[in-house]
1. What is the magnitude of the charge dipole of the chain about its Cα centre, with +1 placed on the Cβ of each Lys and Arg, -1 on the Cβ of each Asp and Glu, and no other charges, expressed in debye to the nearest 20?
2. Simple spin-label model, 7 Å along Cα-to-Cβ: Leu62 to His131 in nm?
3. Step by step: find N for the chain, compute 2.2 N^0.38 Å, then divide the Cα radius of gyration by it. What's the final number?
4. Order by neighbour count: Asp77, Asp196, fewest other Cβ atoms within 10 Å first, most last.
5. Say the dipole of the chain comes from +1 at the beta carbon of Lys and Arg and -1 at that of Asp and Glu; which of Ser44, Tyr71, Ser179 then lies farthest toward its positive end?
6. 5 Å is the cut-off here: which amide hydrogens, built 1.01 Å from N in the peptide plane, fall below it relative to Leu120, excluding neighbours closer than 5 in sequence?
7. Using the reciprocal of the averaged 1/r over all distinct C-alpha pairs, how large is the Kirkwood radius of the stretch 70-193 in Å?
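Computed from the coordinates by the stated procedures, all read-outs in this text should not be read as laboratory data. Here the structure is a predicted model, which means the values were calculated and not measured. Quick reminder, even Gly has a Cβ in these numbers, built from the backbone with ideal geometry, and neighbours come from all protein chains shown.
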Amino acid sequence: MICDTGNSEFGHDVTVVAASRPFQVVLDFATGSLTPFSASFVRSLSDMAHAFEDQEAVARVLESGDDPVIYRSNYPDIPDEAGHLAFLTTIISPGTVGSEFYMTKGHHHCRDSAELYMGLSGQGIMIMESHGGDFSQQELVPSAPVYVPPGWAHRTVNTGSAPLTFLAAFFGDAGHDYSSMERKGGFSMRVHRGEDGPQLRRSATRDEAGAPL
Ligand code: PAN
Ligand code: ZN
């Protein structure tokens with residue numbers, strides 16, 4: 001499997017502790033801030049324009065001169081080595097592009113390994129897809145952690161009207177592979193704002209069997 005090594009957001013500009021000694025961070029459930037030991041990265045619409053299905057809606061927003069922050073993540077400096085447990089907080093803004101809710105890019109891990117997601121505030125949905133094309137969705141809300149087994153790509157979607165904040169913990173040497181799902185045409189299902197709330201719809205880039213079109 002080709003793996004992204006160019007995920008420059010992770011592991012750069014970190015001003016922090018090396019995690020060779022115990023340390024503690026203060027986690028604000030409402031804002032997702034991790035203090036004092038964290039760096040952060042931001043993904044604006046222009047950083048992930050192709051992730052959204054409605055490319056005309058993307059163009060309308062960007063051409064208006066707006067480039068909204070879709071999400072940001074905070075992380076302490078934990079070595080990307082076996083034996084360590086890395087963690088991040090992510091804050092997804094509320095909103096939609098066309099009718100599709102704001103979401104993360106989503107990825108596989110380079111080394112198939114499990115991950116634990118814990119909702120901190122707001123409400124959302126995780127969509128997950130295995131290498132073989134099995135699909136699963138789970139609500140992401142406070143007090144109901146979601147377990148992502150090895151080999152399942154995962155994306156988080158903010159379906160609420162407030163920011164969605166969550167913490168995710170994964171193996172230090174897991175690595176992040178964004179391109180496998182991009183090559184498949186993205187996730188097979190997408191989360192849209194429907195008349196009665198969030199609605200899961202098959203992606204226009206995938207056929208009924210989940211194959212890229
Ligand atoms: C999460 C994600 C984070 C940002 O910490 O990395 O929410 O999403 P993308 O990495 O898809 O942009 C995680 O799953 N880490 O493994
Ligand atoms: Zn992950």
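1. On the way: 14 positive and 27 negative charges, 45 e Å.
So the magnitude is around 220 debye.
2. 3.3 nm
3. Details: Rg = 16.7 Å, N = 213, 2.2 N^0.38 = 16.9 Å.
Dividing the Cα Rg of the chain by 2.2 N^0.38 Å gives 0.99.
4. Numbers: Asp77 17, Asp196 5.
Fewest to most other Cβ atoms nearby, the residues stand as Asp196, Asp77.
5. Tyr71
6. HN-HN under 5 Å from Leu120: Thr165, Phe166, Leu167.
7. Working: mean 1/r = 0.0688 Å⁻¹.
It is 14.5 Å.
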